[in-house]
Amino acid sequence: MTSSRAENRFEEEKQLVTQTKKIINEGKNAVDEMLAGILAAHPKHLASVEGSPRSVIARDGPRPGKVGIVVGGGSGHEPTFLGFVGKGLADAAAVGNVFASPPPDPILECAKAVNGGAGVLFMYGNYAGDVMNFDMAAEMAAMDDIEVRTVLTTDDVASAPRDQIEKRRGVAGNFFVFKAAGAAADMMLSLDECERIARKANDRTFTMGVALGPCSLPQTRKPNFEIGEDEMEIGMGIHGEPGVERGKLQTADAITDAMLDRILEEMQPTKGDRVAVLVNSLGSTPLMELYIMNRRVAERLADIGVSVHATWVGHYCTSLEMAGASVTLFHLDDELQTMLDHPCDCAMFRAG
């Protein structure tokens, strides 16, 4: 074998070694094949808009006189966003490619499909591509006489300082903001009220995450960031955006404490306050580890006299197979607790 052929073979073998293992067909088809599988699994809950397969609507949700709730964003975060489409929560979700915003057209088709004459509320994470495309869709909807309001989720306390909240990203706290607004719409409240409740929920939702290992996109099957075998990064975003601190891997209690310290500093709870808790896997972190973290969350909240009204532990806003977790606290009052407790029936989430 010549030297050049040997070098080429070495490079090919090296590339194969660095590729991650995935149960997919062609990477470029992963999102559409996933959608086909989701629709096949949940025909009583979900359907796609005719002629717009990336626009997914609830079979039981949109109705005359009701505010339409449209969410959306890139794929790879399941069950966000599709899993939260159903009666009592979101009426539709616009689906983008992996970690990429949906284009304006499927967003517009969602708005048309859920418009019951009372207006439509767009809700999505605060990312530049999403903002641009959802804003374009809102302008297009206005030309069809559909009134659209927008609420951006900004719960990631690590992504910008408190005096720059408008720059913060939306992460797992989407879950609580969508839930509150979806309940308000299901109660037939006005567009003004649905928007107000969504903004209030967003203002009272706080998330902090930790990453232990990268994920890889189906198209590339390459890790999207590098981190040492004995390292962790506090505050890393769900697309691999830089966090606030990288260091040696610590114990579950130490990691949870570091995250809660930042959250509680932001939230400023007082004794007797109520919260809902979400301990979320970023993808590959198992339930055992999540429940170990939740044990520490419960201890810390009890120590300061904050009561836990409800807790969710599991996969709610993932980042493909990223190793890591996030903790979200939803600072409740009577109104938000009512919205949280309101029944919903979605493809991947049910309450009440």
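We did not get these values from a lab; they are worked out from the coordinates using the rules stated. Note that this is a predicted model, so its numbers are computed, not measured. Counting neighbours? That spans all protein chains shown, and the Cβs are built from the backbone with ideal geometry, glycine included.
What is the stretch 48-145 by shape, rounded, prolate or oblate, if you read a ≥ b ≥ c off the alpha carbon gyration tensor as root eigenvalues and call it rounded for a/c under 1.5, prolate for a/b larger than b/c, and oblate otherwise? Verdict is oblate for the stretch 48-145.
Using the Kyte-Doolittle scale, which helices in the chain average at least -0.5 and also have C-alpha atoms spread 20 Å or more along the helix axis, with helices defined as whole DSSP H runs?
128-143, 252-267, 287-303
Taking the Cα centre of each part, how many Å lie between the stretch 42-93 and the stretch 238-300? That distance is 29 Å. Over all pairs of different C-alpha atoms, the stretch 27-203 has a mean inverse distance whose reciprocal, the Kirkwood radius, equals 15.7 Å. If the elastic network links every pair of Cα atoms under 10 Å, which of 116, 96, 125 fluctuates the most in the Gaussian network model of the chain? With Cα springs under 10 Å in the chain, the top fluctuation among 116, 96, 125 is at 116. Across the alpha-carbon atoms of the chain, the computed radius of gyration and Dmax are 20.7, 76 angstrom. When only the Cβ of Lys, Arg, Asp and Glu is charged (+1, +1, -1, -1), the dipole of the chain relative to its Cα centre reaches about 560 debye. In the stretch 115-172, the C-alpha radius of gyration followed by the widest Cα-Cα span (Dmax) gives 13.3, 39 angstrom. Fewest neighbouring Cβ atoms within 10 Å first, the residues 34, 123 line up as 34, 123.
For the chain, modelled as a GNM whose springs connect Cα atoms under 10 angstrom apart, the maximal fluctuation among 213, 72, 305 occurs at 305. Note on residue 28/residue 231: beta-carbon distance plugged into 1/(1 + (r/R0)^6) with R0 of 25 Å gives a FRET efficiency of 0.20.
Quick one: of the DSSP bridges fully inside the chain, what percent are antiparallel, nearest 5? Of the beta bridges lying entirely in the chain, close to 60 percent run antiparallel. On full extension, the segment bounded by residue 341 and residue 251 gains 29.0 nm, given 0.36 nm per residue less the C-alpha separation. Within the chain, the longest run free of GluC sites (Glu not before Pro) that sit in a DSSP loop with at most 14 other Cβ atoms within 10 Å is 51-225.
Computed from the Kirkwood radius of its Cα pairs, the Stokes-Einstein diffusion coefficient for the stretch 205-332 at 10 °C and 1.306 mPa s stands at 107 µm²/s. Summing +1 for each Lys or Arg and -1 for each Asp or Glu among the other residues whose beta-carbon sits under 10 angstrom from that of residue 330 gives +2.
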